[in-house]
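Enquirer: Sharing a structure below in structure tokens format, with a few things to ask.
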Amino acid sequence: MTGFKLDCVLFDLDGTLVDTAPDLLACLHEALAAHAYPTADEAAVKPLISLGALAMIKQAAAHAGEAEQIQLLDFMLDCYQNNIARHSRFFDGMAETLATIESLGLKWGVVTNKRERFTQPLMAALQLDQRAACVISGDTTGNSKPHPEPMLAACQHAQVNPENCVYIGDAAHDIAAGKNANMKTLAAVYGYLKPGDQPESWGADALIEHPKQLQQWIQNSLCR
């Protein structure tokens with residue numbers, strides 16, 4: 001990391017910064033029950049969270065027609081918006097990691113493909129909205145990840161240069177987005193990985209198995 005000067009740590013939201021799966025799965029179950037579908041196989045659905053709610057619906061109600069899948073989606077998203085942080089929590093060690101980042105005088109922010117209607121209330125519910133230097137959602141810019149536009153918008157909001165940022169996410173498109181913006185990248189392998197994912201092949205600068213490892217990576221980068 002010769003010449004790298006860390007100024008800002010950017011996070012994906014679902015599956016990286018916050019464990020949102022309990023609320024998303026609860027609302028999926030409510031949508032299925034309301035439309036007389038059987039309970040979803042959570043082990044099969046959870047890895048699809050990074051791909052969005054519709055991917056979850058298509059897995060849980062694979063035999064439903066497109067129109068009914070959209071009805072399920074609308075029900076699920078309305079439920080989720082009204083219960084945005086009923087069960088969602090930081091991943092173990094993440095609260096301490098954010099505190100460490102702030103104590104070191106570094107900025108941090110969020111770049112997610114989650115829509116603003118969900119991102120903003122979730123950040124507020126977790127009391128993060130006033131702490132983050134930037135929050136960029138999937139519909140904040142004209143393009144979403146893996147396009148670099150949201151990454152560069154985050155840098156503009158945080159007033160940092162992309163080459164002085166590190167981005168951590170739990171999906172291949174997260175790492176691609178960071179690399180496309182000339183950032184350092186970290187793969188959060190504790191997140192919502194899909195069967196067959198090979199994060200070691202994504203090209204990330206490191207694999208992070210626990211938020212405490214992120215703290216160590218940050219400390220090491222500042223010592224170089």
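The values are calculated or read from the model by the stated rules, or taken from the named source; none is laboratory data. Given the structure is predicted, the values throughout are model-derived calculations rather than measurements. All Cβ positions, even for glycine, are placed from backbone atoms using ideal geometry, and neighbour counts span all protein chains on display. Quick note on the areas: whole protein, heavy atoms, side chains included, nothing else; ligands and nucleic acids left out. Shrake-Rupley method; radii C 1.70, N 1.55, O 1.52, S 1.80 Å.
Enquirer: Taking GLY138, is it assigned to a loop (DSSP other than H, G, I, E, B) and open to solvent by 10 Å² or more (accessible area, probe 1.4 Å)?
Expert: Judged against the criteria, GLY138 is not a match.
Enquirer: Please verify whether ASP78 is of a type in the set (Asp, Glu) and either in a helix (DSSP H, G or I) or closer than 23 Å to GLY178 by Cβ (or both), treating the condition exactly as stated. Break it down stepwise before answering.
Expert: On the way: of a type in the set (Asp, Glu): yes; either in a helix (DSSP H, G or I) or closer than 23 Å to GLY178 by Cβ (or both): yes.
Considered against the rule, which asks whether it is of a type in the set (Asp, Glu) and either in a helix (DSSP H, G or I) or closer than 23 Å to GLY178 by Cβ (or both), ASP78 comes out as yes.
Yes/no per residue for (1) over 14 Å from the mean Cα position of the chain (by Cα); (2) β-branched (Val, Ile, Thr):
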| position | (1), (2) |
| --- | --- |
| LYS107 | yes, no |
| ASN113 | no, no |
| THR119 | no, yes |
| SER137 | no, no |
| PRO146 | no, no |
| GLU149 | yes, no |
| LEU152 | yes, no |
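Enquirer: Restricting to region 6-49, and then to whatever is among the charged types (D, E, K, R) and not in a helix (DSSP H, G or I), can you tell me which residue is surrounded by the fewest Cβ atoms within 10 Å (Cβ to Cβ)?
Expert: Among those that are among the charged types (D, E, K, R) and not in a helix (DSSP H, G or I), it is ASP41.
Enquirer: Let me ask something additional. Do we have LEU98 as surrounded by 17 or more Cβ atoms within 10 Å (Cβ to Cβ) and either part of a strand (DSSP E or B) or touching a residue at least 40 places away in the same chain (Cβ under 8 Å) (or both) here?
Expert: Values: surrounded by 17 or more Cβ atoms within 10 Å (Cβ to Cβ): yes; either part of a strand (DSSP E or B) or touching a residue at least 40 places away in the same chain (Cβ under 8 Å) (or both): no.
It is false that LEU98 is surrounded by 17 or more Cβ atoms within 10 Å (Cβ to Cβ) and either part of a strand (DSSP E or B) or touching a residue at least 40 places away in the same chain (Cβ under 8 Å) (or both).
Enquirer: Next question. Tally up the residues in region 177-198 that are without any contact (Cβ under 8 Å) to a residue 40 or more places away in the chain and either assigned to a strand (DSSP E or B) or crowded, with 19+ Cβ neighbours inside 10 Å (or both), please.
Expert: Residues in region 177-198 being without any contact (Cβ under 8 Å) to a residue 40 or more places away in the chain and either assigned to a strand (DSSP E or B) or crowded, with 19+ Cβ neighbours inside 10 Å (or both): 5 in total.
Enquirer: Moving on to the next point. Do we have any residue at all in region 50-66 that's in contact with a His (Cβ under 7 Å, 6 or more places away or on another chain) and more than 30 Å from LEU106 (Cβ to Cβ)? Lay out the reasoning, then the answer.
Expert: Looking only at region 50-66, we keep the residues that are in contact with a His (Cβ under 7 Å, 6 or more places away or on another chain), and these are none.
Checked region 50-66: no residue is in contact with a His (Cβ under 7 Å, 6 or more places away or on another chain) and more than 30 Å from LEU106 (Cβ to Cβ).
Enquirer: What number of residues in region 50-93 are of a type in the set (Phe, Trp, Tyr) and surrounded by fewer than 16 Cβ atoms within 10 Å (Cβ to Cβ)?
Expert: 0
Enquirer: Go through region 101-135 and give me each residue that's part of a loop (DSSP other than H, G, I, E, B), surrounded by fewer than 19 Cβ atoms within 10 Å (Cβ to Cβ) and either at positive phi or of a type in the set (Lys, Arg) (or both).
Expert: GLY105, ARG115, GLN127, ARG131
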